[in-house]
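Undergrad: Provided herewith is a single structure, encoded as structure tokens, for subsequent inquiry.
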Amino acid sequence: MKWLFGFLGKSATRFFPLIIWLLVSCTSTPPSSENTPVSQPAKPQKEGATVIQEPPPAIDTTHWYVYLTFDDGPQPGTANCIQICKEEQIKASFFMVGLHTDRWGAGKRLVDTIRQAYPQFVLANHSYSHANNHYRYFYQHPDVALADFQQAEQLVRPNFRIARFPGNNAWGIEHKEKSHHLVAAVLHKMDSIGYDVIGWDQEWNFRHTNSRPVQIPDSLVARTMQLLREGKTRIPRHLVLLSHDRMFSRPADSASLQRYIFLLKQQPEIVFQTIDQYPGVSKSPAIAAHTF
Ligand SMILES: [Zn+2]
């Protein structure tokens, strides 16, 4: 220390604050790099235990996730959806209707096929009656609606307690701002028994006269990529696409589904994923699902 004051002579007092700063800087630990997490939660350490710095959680900034979802099956078209997804080796989710399962023997077998194909496919609950297409009445009677979903669970035996509301783009209760107030009471009922309710970001529309797809695959893919690129999905980097099994019963229309998948597969960022992998889904087991 004396050498430093001697070197600086009379001006030492003027430079005193600077000297103190230099000494402190040289003896303290180096500043953390940009990549070091800003705040790591303090973990209790046993005395003498080696402190192991955990790496920060990986944030996937390289992929965009597309969740193909097919509603209202089993229906004519369901077998084509299964076959195409298997050929293309992609994941998809099927939201199925108990009534359709109940009344169609071949449909029952398709439902079993989907359930057993987990984890490539996820079988989910789309109610028993599809609200008999009287949506307002259905959502105004939450106990009736809950019983309807429970009846579907017994028949469809979904892989998890994951549901989609008939005729309503609703999401779980923590995202109620996205859902119509009409469905709030049913959302709470479903949440109380462990159901995650899933809506959608983009719809592949169909003509109500003949159930045929409206958008051609090329423009649908362009829109999918635009929504992802512009962050206009409910959760950035994750896009849920709604379509319906019956749209793909004709060969020309199932070829459209295959082309949509083919075009998306050309995009290096795209990963097809099942709805149980959607962020926040709790994957509660359904009571009657015991096949895996
Ligand atoms: Zn539906």
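Undergrad: Once you have all Cα-Cα distances for region 64-277, histogram them in 10 Å bins from zero and send the whole-percent values.
TA: Histogramming region 64-277 at 10 Å steps yields 9, 36, 38, 16, 1 percent.
Undergrad: Same structure, new question: At 7 Å along the Cα-to-beta-carbon direction for both residue 182 and residue 212, put a label point, then send me their distance in nm to one decimal.
TA: About 3.0 nm separates the two model spin labels.
Undergrad: So, in nm, how far is label residue 266 from label residue 120 when the simple model puts each one 7 Å beyond its Cα toward the Cβ?
TA: With each label placed 7 Å out from Cα toward Cβ, I get 2.5 nm.
Undergrad: Right, another one. What are the extents of the Cα atoms of region 232-292 along their three principal axes, listed from largest to smallest and rounded to whole Å?
TA: Over region 232-292, Cα extents along the principal axes are 39, 29, 20 Å.
Undergrad: Ratio of Rg to Rh for region 63-136, alpha carbon only, Kirkwood? It would help to have the intermediate numbers written out before the result.
TA: Working: Rg = 12.7 Å, Rh = 12.7 Å.
Computed over Cα atoms, the ratio is 1.00.
Undergrad: Something else about it: Using a 10 Å cut-off on Cβ atoms, rank the peptides 187-195, 147-155, 275-283 from the highest mean neighbour count down. Spell out each step's value before the answer.
TA: Values: 187-195: 17.8, 147-155: 19.9, 275-283: 15.7.
For the peptides 187-195, 147-155, 275-283, the packing ranking is 147-155, 187-195, 275-283.
Undergrad: List the extent of the Cα atoms of region 88-193 along each of their three principal axes, largest first, rounded to whole Å.
TA: Extents along the principal axes, in whole Å: 38, 28, 22.
Undergrad: Would you please put 201-214, 63-76, 241-254, 102-115 in order of how densely packed they are, using the mean number of other Cβ atoms within 10 angstrom per residue and starting with the highest?
TA: Details: 201-214: 15.1, 63-76: 23.1, 241-254: 20.1, 102-115: 16.9.
With the highest mean Cβ count within 10 Å placed first, the list reads 63-76, 241-254, 102-115, 201-214.
Undergrad: For region 64-277, with only Lys/Arg (+1) and Asp/Glu (-1) charged at the beta-carbon, what is the dipole magnitude about the Cα centre, in debye rounded to 20? Can you show the working numbers first?
TA: Numbers: 24 positive and 21 negative charges, 63 e Å.
The dipole magnitude comes to about 300 debye.
Undergrad: Pairs of Cα atoms under 8 Å, at least six residues apart: use those to get the relative contact order of region 115-192, whole percent. Working shown, then result.
TA: Numbers: 93 pairs, mean separation 28.8, N = 78.
In percent, rounded to a whole number, it is 37.
Undergrad: Still on this structure: Once you have the Cα-Cα distance between residue 61 and residue 219, take 0.36 nm times their residue separation minus that, and quote the gain in nm to one decimal.
TA: Numbers: separation 158, 0.36 × 158 = 56.88 nm, distance 2.52 nm.
Result: 54.4 nm gained on full extension.
Undergrad: Let me ask you something else. Once you've got the Cα coordinates, tell me which of 108/265; 86/108; 108/189; 86/265 are over 21 Å apart. Can you show the working numbers first?
TA: Details: 108/265 31 Å; 86/108 19 Å; 108/189 27 Å; 86/265 14 Å.
Violating the 21 Å limit, Cα to Cα: 108/265; 108/189.
Undergrad: Charges only on Cβ, +1 for Lys and Arg, -1 for Asp and Glu: so what's the dipole of region 56-102 about the Cα centre, in debye to the nearest 20?
TA: Numbers: 2 positive and 6 negative charges, 24 e Å.
With Lys and Arg at +1 and Asp and Glu at -1, about 120 debye.
The numbers here are math on the coordinates, done by the rules we state, and not lab data. Note that this is a predicted model, so its numbers are computed, not measured. Positions of Cβ are generated from backbone atoms using ideal geometry, with glycine treated the same way; all protein chains shown enter the neighbour counts.
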